[in-house]
Amino acid sequence: MPIGDPGGGLFTYTDEGLPTCIFAVTIPSKDIARSLPFYTDILMMDVLYESEDEAAVRRDGTVLILRRSEVTGIDTGVFLGVDNPYDLHRRLIDEGVVFVKDPVRGPLGVYTSFRDDDGNVLNAIETKAPIRYP
């Protein structure tokens with residue numbers, strides 16, 4: 001009998017309990033209070049909660065958890081979905097954000113990469129592009 005099956009093992013699995021999305025990702029921060037304005041004022045995310053060691057911000061369906069860490073300046077591997085990476089690039093350049101990669105087309109669409117105030121690399125990719133794999 002599978003664990004958690006009150007029917008005695010006569011249950012056929014379909015898609016119950018399987019992941020449906022990435023709900024949140026963790027970004028390291030040396031100082032949560034110092035890091036928050038980048039996410040709230042520049043990326044226009046709302047604070048869900050905040051403490052000395054952790055904070056969570058959200059914009060639409062994207063949740064980022066800032067967690068205090070002595071290790072920052074990493075490539076997070078996070079790709080934030082945007083309508084137009086060129087518009088984001090222009091907007092963030094005006095805010096003085098440092099870019100690692102100007103907008104470029106990849107197999108999943110146009111993307112760009114930039115650093116937050118802790119030096120972590122975040123990526124932004126267009127959400128409605130057709131997939132182009134060579």
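Points worth noting:
- Here A124 clears all of (1) within 25 Å of A33 (Cβ to Cβ); (2) among the aliphatic types (A, V, I, L, M); (3) outside any strand (DSSP E or B) except the condition numbered (3).
- Hits in the range 11-36 (condition: aliphatic (A, V, I, L, M), within 17 Å of L80 (Cα to Cα) and modelled with pLDDT under 95): I22
- If the condition is being over 11 Å from I32 (Cβ atoms), aliphatic (A, V, I, L, M) and in a strand (DSSP E or B), then the range 45-91 contributes L48, V63, L64, V78, L80, V82.
- Restricting the first member to the range 88-117 and to residues that are basic (K, R), and the second to residues that are part of a loop (DSSP other than H, G, I, E, B), the beta-carbon pairs closer than 6 Å and six or more apart or on different chains are R115/V98.
- Answer residue from the range 51-92, given it is of a type in the set (K, R) and touching a strand residue (DSSP E or B) at 6+ places or on another chain (Cβ under 9 Å) and is surrounded by the most Cβ atoms within 10 Å (Cβ to Cβ) among those: R68
The values are calculated or read from the model by the stated rules, or taken from the named source; none is laboratory data. Because the structure is a prediction, the values reported are computed rather than measured. Glycine also receives a Cβ, built like all others from the backbone with ideal geometry; neighbour counts cover every protein chain displayed.
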